[in-house]
Amino acid sequence: MSVSIAIDGPAGAGKSTVARMVAGKLGYIYVDTGAMYRAMGLFFVRKGILPEDQAAMAEACEDADISIAYEGGQQQVFLNSENVTGLLRTEEAGKMASAISSCGAVREKLVALQQKLAASQNVVMDGRDIGTVVLPDADLKIFLTASVKTRAQRRFLELTQKGIPCNIKEIEADIEARDYQDSHRAISPLRQAKDAVLLDSSHITAEEAAARIIKLHGELA
């Protein structure tokens with residue numbers, strides 16, 4: 001029987017980094033939900049469907065099958081059995097992925113595909129609504145968070161190291177705005193599941209956060 005770990009939380013809390021670490025340590029599949037949206041975006045681009053045509057998206061997405069596998073330790077994304085991993089970072093796929101994230105029919109289709117993955121393999125999945133909507137029966141649910149100040153500092157350091165000029169006050173304001181948007185959106189708002197374990201990463205490293213989740217996973221048996 002497959003095991004699933006759901007990690008939710010606000011932007012900048014380190015969910016993807018921690019989820020990858022946990023999956024790697026446990027030998028589970030890390031389900032990159034963002035990559036799945038990009039694959040769906042690529043599907044629509046190939047179909048010639050415009051971002052604003054939600055009716056066409058709703059009809060076409062029924063013909064899309066997206067799955068994730070690991071080969072040689074590297075994530076591979078398949079669209080209708082075609083490995084499209086190398087095509088997901090194109091500007092067209094990225095723009096379409098952003099546009100389709102608000103389409104209810106597309107979200108429903110991708111949630112169904114994500115649930116299908118979790119039913120057949122041991123997975124670690126992160127996002128905004130994994131424990132509340134996508135995997136409400138997950139074996140372990142984590143709500144990973146950090147203070148706005150901490151998340152802003154992390155983002156500031158990341159941008160600075162890349163040589164990108166930035167203002168930490170503006171970053172804080174952007175994070176606060178994103179938090180509000182995510183928690184007040186009409187479809188699947190960000191919220192902590194009642195049975196999720198709250199993990200504040202403000203004063204611990206990603207490695208320490210992953211270790212705590214792995215310890216909680218070990219206590220499931």
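Roughly speaking, what is the stretch gain from Ile214 to Gln76, that is 0.36 nm per residue apart minus the C-alpha to C-alpha distance, in nm to one decimal?
Extra length available between Ile214 and Gln76 comes to 47.3 nm.
Which length gain, in nm to one decimal place, applies between Asp65 and Lys162 when the Cα-Cα distance is subtracted from 0.36 nm times their residue separation?
Here the segment from Asp65 to Lys162 would lengthen by 31.3 nm.
Using +1 at the C-beta of Lys and Arg and -1 at the C-beta of Asp and Glu, which of Gly163, Gln54, Gln75 has the Cα lying farthest in the positive direction of the dipole of the chain?
Most positive-ward Cα: Gly163.
Round to a whole angstrom and tell me the spacing of the C-alpha centers of the range 92-130 and the range 170-194.
18 Å
As an exercise, use a Förster radius of 25 Å and the Cβ-Cβ distance of His184 and Ala55 to find the FRET efficiency, rounded to the nearest 0.05.
After rounding to 0.05, the efficiency reads 0.45.
Would you kindly state the longest site-free stretch of the chain, with sites defined as trypsin sites (Lys or Arg not before Pro) in a DSSP loop (not H, G, I, E, B) surrounded by at most 16 other Cβ atoms within 10 Å?
Value returned for the longest uninterrupted segment is 1-88.
Which GluC sites (Glu not before Pro) in the range 1-70 sit in a loop by DSSP (not H, G, I, E or B) and have at most 10 other Cβ atoms within 10 Å of their own Cβ?
In loop regions of the range 1-70 (DSSP not H, G, I, E or B), the sparsely surrounded GluC sites (Glu not before Pro) are Glu52.
Given springs between every Cα pair under 10 Å in a Gaussian network model of the chain, which of Tyr28, Tyr70, Tyr37 has the largest fluctuation?
Comparing Tyr28, Tyr70, Tyr37 in the GNM, the peak value goes to Tyr70.
Using a Gaussian network for the chain with springs between C-alpha atoms less than 10 Å apart, which of these wobbles most: Phe44, Phe156, Phe143?
Phe156
Assuming R0 = 25 Å, what is the FRET efficiency of Ser102 and Ala173, from their Cβ-Cβ distance, to the nearest 0.05?
Computed FRET efficiency for Ser102 and Ala173 comes out at 0.65.
Given a Förster distance of 22 angstrom, what is the FRET efficiency for Asp195 paired with Lys25, based on the Cβ-Cβ distance and rounded to 0.05?
That gives a FRET efficiency of 0.45.
Please state the relative contact order of the chain as a whole percent: Cα pairs under 8 Å, 6+ residues apart?
That works out to 33 percent.
Taking the Cα centre as origin and putting +1 on Lys and Arg beta-carbons and -1 on Asp and Glu beta-carbons, what dipole magnitude results for the chain, to the nearest 20 debye?
480 debye
Over 20 Å between Cα atoms: which of Lys95/Lys141; Lys47/Lys95; Lys25/Lys141; Lys116/Lys215 fall into that group?
Table pairs above 20 Å Cα-Cα are Lys95/Lys141; Lys116/Lys215.
Express the relative contact order of the range 1-117 as a whole percentage, based on alpha carbon pairs under 8 Å and six or more residues apart in sequence.
28 percent
Throughout, read-outs are computed from the coordinates displayed, never taken from laboratory work. In this text, all values refer to a predicted model and were calculated from it rather than measured experimentally. Ideal geometry is used to build each Cβ from the backbone, glycine not excepted, and the neighbour counts take in all protein chains shown.
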